[in-house]
Each structure stands twice: as structure tokens, then as C-alpha cells.
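*Asks:* Structure provided below as C-alpha cells; questions to follow.
The values are calculated or read from the model by the stated rules, or taken from the named source; none is laboratory data. As the structure is a prediction and not an experimental result, all values here were calculated from the model. So basically every Cβ, Gly included, is an ideal-geometry build from the backbone, and we count neighbours across all protein chains shown.
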Amino acid sequence: MAILETRDLTYTYSPDTPFEKTAVDHVSLKIEQGELIGVMGHTGSGKSTLIQHFNGLLRPTSGQILLDGKDIWENKNKIRDVRFQVGLVFQYPEYQIFEETVYKDIAFGPKNMGLDEDEIKRRVLATAADIGLSEELMERSPFELSGGQKRRVAIAGVMAMEPKVLILDEPTAGLDPAGRDLILSHIKAYHKRTGNTTLIVSHSMEDIASFADRILVMNKGKLFCFDETERVFSRAEEIAEIGLDVPQITRVFMELRRRGLDFGKEVYTVGYARDLILRELRERKGE
């Protein structure tokens, strides 16, 4: 059974007004337990509206959202419980930091779940380790930290609730390449340790190509595609046509194919490109 499912999900802003706009249009999809999913789409594609339905921040105009096979809106009085199970980290989450210490900020979510102090401490320290925050930082004010460290504290606060599904909206926005790689590596470490389902929304196909099991692409409120990473990149030209940038290395191999050198595979990471080229050179050397 899928951990998260939408059935004919539609959401319309400002219905029956001159400002009416359908942001999510009859979207049906299934996300399996333990998957690491990349979510993509140009500005206005509907991706942010879609993910806000997954933990009940928005209620569908029509259609359903199912968590573990149950409609999350079956009992609206229990929607708070859904938000503990589906954690959502917004863009620039460091602006939501407010506690006196790093420890207290990460512990805020677990404390509101009613957990005992021993369990809260276990979760805080385990999550801090996942996200690359040392124990020495726990008693410091989060406002004394660097921008990247603040970002990690804010993400850890949602991770520490140990949701079944973790959704991160542009977690690397505004970071330099080193900071971006660091955040993504820590998210992958968390995913590996917990085995929880993780969705990462990003404008960067290069980031998503490096980690995603499957990629979900939204376009004009509709589900453009949702498939394994290699199959999505086999549609690189279509993806470029809807306004998304494919990885630079993919564009290089697309041009090589146009010029008659077809490697027979979709290339979307530099490491994979290197391996393909080295193999081709070895084969030619052995001719």
C-alpha cells in the first residue's frame, strides 16, 4: 500500500471570484514507503500547492489525500495528528527559529507531541547528528550560528518529530554550492537511517538527479510525469520545453547524440558520464 496517495486532487484558489485559479488540476499519484522523491516544476506549476495538501495545510476543493490508505480529512479534528506524521519544511525555515538554545528549538516539535524527556533527548541528539550539528552546539543560541547552521537547526526540528513522510521545500535555496551539497548529504543520511519517505522540492535538476529514486514533475497545475529518474531524463527535451533546466551534463550528451555519438543511456550525473566515457574509451582501445 502507498504511504501517500492523491485521488483526482483539485484545488482552486478564490473560487467564484474574478481571481479564481486552479492550481492543482485532477492529480492522482502514489508514493511508496521509503522512497526518496524529487519534486519539480516551474514557478506557478502547482508543486507548492500540491505539497501543502500532503499534511493538511490546504484542504482539497475536490478529490482525496490518503495517508496509509486513510483519507486525512475523514475527521478534520485529527488533522493535527496528520501534521506530526507528514512533516513539512518550508523555504528559508531558519526564519522560524525562536527558542533560546539549539536544543530547545529542535525539541519543540517532539515536546508538543507529548513525548517524555528521555525520548525527546534521543530524538534531538540523533537528528542533530544526522544533520551535522555537534553536541557542543546544543546549548548555544541558534541566533549565534551561521546561516547554513541555522538552516540545519530548523530542518532538524521537523526531522526530530520522526514523521512518516518528510517534505522539504527548496531546502538548499540561497546556499552556495558547498552549503547545498552539505545539506543534501545530511538529508540523504537521515533518509538512510530512518527509512522514512522523503520528498525534496527543488528547481535544480542537477540536485535532484543525484539522489532521487523517482521524480515528480508538475506543469500548469497538472502532473506532467512521475517516474524513475532515468525515464524522466529520457524526456529531457520535453522537460526543457516546459521551462525547466535539465542538468548541464545532460545537455552535453543530448548534443553528442545529435552529432551522431549516442551512448544509448540517459546521462544526468557527472559521475555516470565519466563512467560511460571511460568505458567507451576502453572499448575503442581494445578494437
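*Asks:* Six or more apart or on different chains, Cβ under 8 Å: which pairs go from a residue in segment 257-279 that's over 19 Å from D207 (Cα atoms) to one that's assigned to a helix (DSSP H, G or I) and not hydrophobic (A, V, I, L, M, F, W, C)? Could you list them?
*Replies:* F263/R257; F263/E280; K265/E230; K265/Y272
*Asks:* Also, quick follow-up: So which residues in segment 228-275 are more than 29 Å from G41 (Cα to Cα) and either in the same structural domain as L216 (by TED's automatic domain parsing) or aliphatic (A, V, I, L, M) (or both)?
*Replies:* Our first condition is that a residue be more than 29 Å from G41 (Cα to Cα); within segment 228-275, this holds for 259-261, 275.
Answer for segment 228-275, where residues must be more than 29 Å from G41 (Cα to Cα) and either in the same structural domain as L216 (by TED's automatic domain parsing) or aliphatic (A, V, I, L, M) (or both): just L261.
*Asks:* From the list F224, F143, which residue is touching a strand residue (DSSP E or B) at 6+ places or on another chain (Cβ under 8 Å), assigned by TED's automatic domain parsing to the domain that holds V86 and in contact (Cβ under 8 Å) with a residue 24 or more places away in the chain?
*Replies:* Only one candidate passes the filter, namely F224.
*Asks:* Something else: Sort out which residues of segment 196-206 are crowded, with 20+ Cβ neighbours inside 10 Å and over 21 Å from N55 (Cβ atoms), and write them in order of number.
*Replies:* Correct list: M205 only.
*Asks:* Among the residues of segment 91-111, is there at least one that is in a strand (DSSP E or B) and surrounded by 17 or more Cβ atoms within 10 Å (Cβ to Cβ)?
*Replies:* As a first pass, look at segment 91-111 and keep what is in a strand (DSSP E or B): none.
Among the residues of segment 91-111, not one is in a strand (DSSP E or B) and surrounded by 17 or more Cβ atoms within 10 Å (Cβ to Cβ), which makes the answer no.
*Asks:* While we're here: Residues R259, R274, R279, R193: which one is surrounded by fewer than 18 Cβ atoms within 10 Å (Cβ to Cβ) and closer than 30 Å to Y92 by Cα? Break it down into steps so the answer makes sense when it comes.
*Replies:* Numbers: R259 fails: closer than 30 Å to Y92 by Cα; R274 fails: closer than 30 Å to Y92 by Cα; R279 fails: closer than 30 Å to Y92 by Cα.
Step by step, each of R259, R274, R279, R193 is checked, and only R193 is surrounded by fewer than 18 Cβ atoms within 10 Å (Cβ to Cβ) and closer than 30 Å to Y92 by Cα.
*Asks:* With respect to I239, determine if the residue is buried (at least 16 other Cβ atoms within 10 Å of the Cβ), in a helix (DSSP H, G or I) and among the β-branched types (V, I, T). Even if it seems obvious, please write down each step before you answer.
*Replies:* On the way: buried (at least 16 other Cβ atoms within 10 Å of the Cβ): yes; in a helix (DSSP H, G or I): yes; among the β-branched types (V, I, T): yes.
Considered against the rule, which asks whether it is buried (at least 16 other Cβ atoms within 10 Å of the Cβ), in a helix (DSSP H, G or I) and among the β-branched types (V, I, T), I239 comes out as yes.
*Asks:* Let me ask another. Mind listing whichever residues of segment 190-223 are among the charged types (D, E, K, R) and under 20 Å from G87 (Cα atoms)? Even if it seems obvious, please write down each step before you answer.
*Replies:* Within segment 190-223, the first condition is being among the charged types (D, E, K, R), and the residues that meet it are 192-193, 206-207, 213-214, 220, 222.
Correct list: K192, R193, D213, R214.
*Asks:* Still on this structure, please answer the following. Which is out of contact with any Pro (no Cβ under 9 Å at 6 or more places or on another chain) and under 30 Å from T6 (Cα atoms), of R235, R257, R279?
*Replies:* Values: R257 fails: under 30 Å from T6 (Cα atoms); R279 fails: under 30 Å from T6 (Cα atoms).
The conditions single out R235.
*Asks:* Residue by residue through segment 122-150, note down the ones that are surrounded by fewer than 19 Cβ atoms within 10 Å (Cβ to Cβ), within 18 Å of E162 (Cβ to Cβ) and of a type in the set (A, V, I, L, M, F, W, C).
*Replies:* Within segment 122-150, L125, A126, A129 meet the criteria.
*Asks:* Please determine whether any residue of segment 30-40 is of a type in the set (A, V, I, L, M), at pLDDT 95 or above, part of a strand (DSSP E or B) and out of contact with any helix residue (DSSP H, G or I) (no Cβ under 6 Å at 6 or more places or on another chain). Explain how you work it out, then say what you get.
*Replies:* Initial filter on segment 30-40 (of a type in the set (A, V, I, L, M)): 31, 36-37, 39-40.
Subset that is at pLDDT 95 or above: 31, 36-37, 39.
With part of a strand (DSSP E or B) added as a condition, the list becomes 31, 36-37, 39.
Within this subset, residues satisfying the condition of being out of contact with any helix residue (DSSP H, G or I) (no Cβ under 6 Å at 6 or more places or on another chain) are 31, 37.
Checked segment 30-40: at least one residue is of a type in the set (A, V, I, L, M), at pLDDT 95 or above, part of a strand (DSSP E or B) and out of contact with any helix residue (DSSP H, G or I) (no Cβ under 6 Å at 6 or more places or on another chain).
*Asks:* When you check V217 against the structure, is it surrounded by 15 or more Cβ atoms within 10 Å (Cβ to Cβ), within 17 Å of the chain's Cα centre (by Cα) and part of a helix (DSSP H, G or I), yes or no?
*Replies:* Values: surrounded by 15 or more Cβ atoms within 10 Å (Cβ to Cβ): yes; within 17 Å of the chain's Cα centre (by Cα): yes; part of a helix (DSSP H, G or I): no.
Criteria not met by V217.
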